[in-house]
Protein chains: 2
Amino acid sequence: MPRPAAGSARRADARQNVDKILAAAVTCLSRNADASVSEIAQAAGVGRVTLYGHFPSREALVEAALIRVLSEGEKVLEGLDLTGDPRAALTVLITSSWLLIAQASAVLEAAQAALPPGRVQELHAKPAQRVDDLIRRGQAVGAFRTDLPADWLVSVLHHVLHGAALDVAAGRLDRADAPHFISATILAAYLGSRT
Amino acid sequence: MPRPAAGSARRADARQNVDKILAAAVTCLSRNADASVSEIAQAAGVGRVTLYGHFPSREALVEAALIRVLSEGEKVLEGLDLTGDPRAALTVLITSSWLLIAQASAVLEAAQAALPPGRVQELHAKPAQRVDDLIRRGQAVGAFRTDLPADWLVSVLHHVLHGAALDVAAGRLDRADAPHFISATILAAYLGSRT
DNA sequence: AGTAAGTCGAACAGGGGTGTTCAAGTTGTT
DNA sequence: AACAACTTGAACACCCCTGTTCGACTTACT
């Protein structure tokens, strides 16, 4: 049994394996929301038993993967300056992290089916706040339309991102085109019917 | 064994059951892409064995459900006049059939996981053509932006519709608001950066 | 070099889904 | 009324997934 957890530190290879497993979980779960544990273990290049040695259940694994992809997202978002012109900030946000957001969104979807309701919302709340704030600020400043509620605008962004990720995965959309297409679409949608 | 199929017509109650099963399959599959056969049978108020009497496999059932929801969609779209101003036509299309399209889209997603690849595309091709044509005509006439490919615009529409349906199902969006929100968003997105 | 930590495959039990069979009962049709 | 069509639950075999145990093996650490 691995995971003494108390007293001495874990062995180096164990830590590496945990990392490999989490990375595999994120990619597998974002491709297929109900990927099996065997599938993830295999993708990580690790035996199924080893995986269960580090995560007591599939649920715990999915939660850990969600936490990981969200914290990765946090790190990227932290490095971004979103305080300037909302439109420019939104463009920066999209072009620099659309793929990450889409991936996180996919894992989030997987988590919704595997975790107790509310838990997902709880973990997702803080990262989502940043996007939320940007959109609300844009509305307050007059950069974005106010005839539609902010919640809806946020929802549209998420679904367009998710859709773009699907299109890329299916080969219907060139990965290089995605950021521009998304920005152009979202900005126009957020502008609304101006003069 | 039901389904003599040859010679004499099926009994009335059998036909009704097939209908009930298909209706249940559409609603179940649009709520949950991997709904079980038992689940669908129960929703239809029918024994599981009866269902297997009418559909040889889950795959056949899903395919039949997809065909049904698509043909329902066809019927609605047929009654619409989409020949006028593309913007007005798109608004009509959305307000009159966004829910149906979203439901069809959900079943389509379920079918993608249960049917051989290509088969879904094949069935979906004709109904999708109508929306496709409308958007392309809008671009040709100058009503919609041309700096983004028509395929992408179609994709955006589908994903926004799908997202709206999810939001409604999750209680995040009032069903009555949906058509207006969607139209306002899509029209703005399709207009692009005009003067 | 020795020891604890870690990995691995095989194999188990339990649960749920898919299809199938069967025997008994119900119901539409003529 | 009588027959065939239809429905039904129980029970079965099969497969895949989840978790767990076991014993043997390899590897990191001192």
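Only the coordinates and a few stated rules stand behind these numbers; no lab work does. Because the structure is a prediction, the values reported are computed rather than measured. In this analysis, Cβ positions are derived from the backbone assuming ideal geometry, glycine residues included, and neighbour counts consider all displayed protein chains.
Some notes on this structure:
- Segment A:16-32 and segment A:51-88 have Cα centres spaced 13 Å apart.
- With R₀ fixed at 30 Å, the C-beta to C-beta distance from A:His180 to B:Ala125 puts the FRET efficiency at about 0.60.
- Theoretical ellipticity at 222 nm over chain A - DSSP helices of four or more residues, -39500 (n - 2.57) apiece, nearest 500: -24500 deg cm²/dmol
- Sites B:Ala60 and B:Ala170 - FRET efficiency at Förster radius 35 Å, r taken between beta-carbons, to 0.05: 0.70
- Local electrostatic count at A:Pro116 - Lys and Arg +1, Asp and Glu -1, tallied over other residues with Cβ under 13 Å: -2
- Shielding by partners for peptide B:146-154, expressed as the average number of C-beta atoms from other protein chains within 10 Å of each residue's C-beta, is 3.
- Shape of the protein assembly as shown, Cα gyration tensor, a/c cut at 1.5: oblate
- Scaling against 2.2 N^0.38 Å puts the C-alpha radius of gyration of chain A at 1.16.
- Difference of contour (0.36 nm per residue) and Cα-Cα distance, A:Ala23 to A:Asp147: 40.5 nm
- Separation of alpha-carbon centers, segment B:114-157 and segment A:111-174, rounded to whole Å: 24 Å
- Given charges at beta-carbon only (K, R positive; D, E negative), |dipole| of the protein assembly as shown in Debye: 560 debye
- Per-residue shielding of B:173-184, expressed as the average number of other chain Cβ atoms within 10 Å of the residue Cβ, stands at 2.
- Value of D in µm² per second that Stokes-Einstein yields for segment B:1-103, Kirkwood Rh from Cα pairs, at 10 °C (1.306 mPa s): 103 µm²/s
- Surrounding net charge for A:Leu66, when Lys and Arg each add one and Asp and Glu each subtract one, Cβ distance under 12 Å: -3
- Fully extended contour minus Cα-Cα distance, from A:Glu74 to A:Asp132, at 0.36 nm per residue: 19.5 nm
- Neighbour-limited loop hits for trypsin sites (Lys or Arg not before Pro), segment B:121-178 (at most 15 other Cβ within 10 Å; DSSP other than H, G, I, E, B): B:Arg172, B:Arg175
- Amide H contacts for A:Phe144 (H built 1.01 Å from N in the peptide plane; partners 5 or more residues away or on another chain; cut-off under 5 Å): A:Gln139.
- Of the DSSP H helices in chain B, those whose Cα atoms cover at least 20 Å axially and whose Kyte score averages -1.0 or more: B:12-31, B:58-78, B:86-114, B:119-141, B:150-169
- Each Lys or Arg adds one and each Asp or Glu subtracts one; over the other residues with Cβ under 14 Å from the Cβ of A:Val46, this totals 0.
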